[in-house]
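Bear in mind these aren't lab numbers, they're just calculated from the coordinates by the rules spelled out. Keep in mind the model is a prediction, meaning the values are calculated, not measured. With ideal geometry, Cβ positions are generated from the backbone for all residues, glycine too; neighbour counts draw on all protein chains shown.
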Amino acid sequence: MKQRAWITGIIFVCFLFFSLSAQAADPKEFKIGAILAMTGAGSWYGEVMSRGFLTAMDEINGKGGIDGVKFKAAVEDHQSGSGAAAINGFNKLVNVDKVPFSFTSYTGPTLSIVPMANEKHVLLLNGGGVGPKLVKASPYLFNNRMLSVMHGVGVIQRAKERGFTKMASLYWNDDAGIGTQKYVEPRWKAMGGTVVASEAHPIGATDYKTYLSKIMAANPDFLALWQWGKDWGVAVKQARDMGFNKPILGVEFTPDAAKLAGATADGYEAVTDFFDPKSNDPWSKSFVANYKAKTGKDPEFYAANYYEGVYILAELIKKAKAKGGDWWNGKALRDALVEIKKFPSVYGGDVEFNPEDGTCKKKTALFVVKNAEAVFQSYVEVK
């Protein structure tokens, strides 16, 4: 009898152990981490990006989650580009919130958290940073937007089409701006062009007169802007107010910046990600309606990227769970991404990742601004 009781006890303990293990490996809440610019000069980005992924989370949670697993957000602030702030915030996400997945933004902060992501096996998805150093930065980093170097090449392809030879450039004094200039300049020269002026400036600059005076004195055929957010609108307005009448081409369009520039933005051309809030694509329309109901505004493509990112994550969770075992980790999620590669895009069509370098391909287009709106011209194949 004692032996039978002992065996029964062992069986019960084993059953309890495996039951608890199963519960631990299949939690009912999934924390999505995010390192964004919630304060500082780039806080507009953090606001728009967070609204994007929170809209997607609400949609999915409202339908019961992913097989009963609901999302919860854990957001930290990199203070518009501080590597130290990013590391501190990511340390909290990893060691306190225990996230296996995190959104990132900006090139510098993203690169600063890569070592910890590698060590702790946290999958990173960047929908905002554009710097060339993000290419092959980590096996755990993927970018669901086209990077600045791709858009920059699109700009000089357009300049070549228009018969320009003399380029001037105005760019952010950071990884994204400097990296784009270094990548594009030799390619422009290989196409037979020259660079007559190049001026770097701090992110969020409000006075471009000194830079623009040097550029105007060099007499370029066109001005290339490697700027993002509201900066291009401020730069375009000041350039036109100073009498610069040559074409201006850039890698960014945002309605807020266009409003800042007003009528001076007319004719500005941009090669950038293509999310159309007026699209007839059913998913795009649904996203726009839900986002607008929450914010009162049409979504920017930045919001679209982070909204899309949550749905990519949802597919990764489904794939990882279907394989059984412990799916609650960044490695399992990364393996699922590498296996799937191609996902539906809220832009319409697909977003396809390259597992070798972390880049993606998705809709990119040429726009011309008219009456503060980006008017679609054509899709762009970056060569």
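Odds and ends about this structure:
- Highest-first arrangement of 98-109, 181-192, where packing means the average Cβ count within 10 Å: 98-109, 181-192
- Additional length obtainable on full extension of the chain from Lys166 to Glu47, 0.36 nm per residue less Cα span: 39.1 nm
- Degrees separating the helix 282-295 axis from the principal Cα axis of the chain, which is the longest one: 90 degrees
- P(r), alpha carbons of the stretch 35-188 - 5 Å bins starting at zero, rounded %: 2, 9, 16, 19, 18, 13, 10, 6, 4, 2, 1, 0
- Cβ-Cβ distance of Val96 and Glu339, R₀ of 30 Å, FRET efficiency by 1/(1 + (r/R0)^6): the value works out to about 0.50.
- Hydrodynamic radius by Kirkwood, which averages 1/r over all alpha carbon pairs of the stretch 252-307, in angstrom: 12.4 Å
- Using the average count of surrounding beta-carbon atoms within 10 Å as a protection proxy, the listed peptides 240-248, 44-52 rank, highest first, as 44-52, 240-248.
- A Stokes-Einstein calculation at 10 °C with viscosity 1.306 mPa s, built on the Kirkwood radius of the stretch 202-299 over Cα pairs, returns a diffusion coefficient of 107 µm²/s.
- Residues Val368 and Lys28, FRET efficiency given R0 of 45 Å [Cβ-Cβ distance, rounded to 0.05]: 0.35
- Calculated on the alpha-carbon coordinates, the convex hull of the chain measures out at 135 cubic angstrom per residue.
- Proximal lysines to Lys189, defined as alpha-carbon separation beneath 23 angstrom and excluding residues fewer than eight positions away on the same chain: Lys133, Lys160, Lys166, Lys214, Lys246, Lys383
- Computed from Cα positions, the angle between helix 83-95 and the longest principal axis of the chain comes to roughly 20 degrees.
- Reference-scaled alpha-carbon Rg (2.2 N^0.38 Å with N residues) for the stretch 287-357: 1.28
- With the convex hull drawn over the C-alpha atoms of the stretch 132-186, the volume per residue is 84 Å³.
- Cα-based helix-to-principal-axis angle, 330-340 vs the chain, degrees rounded to 10: 70 degrees
- Label separation (Ala84 vs Asp241): 3.5 nm, computed from points 7 Å beyond Cα along the C-beta direction.
- Over the stretch 308-348 - Rg/Rh using Cα atoms and the Kirkwood inverse-distance radius: 0.99
- The DSSP beta bridges internal to the chain are antiparallel in roughly 35% of cases.
- Peptides 316-328, 112-124, 367-379 ranked from most to least packed give 112-124, 316-328, 367-379, packing being the mean of other C-beta atoms within 10 angstrom over each peptide's residues.
- Antiparallel content of DSSP bridges confined to the stretch 262-383, in %, to 5: 100 percent
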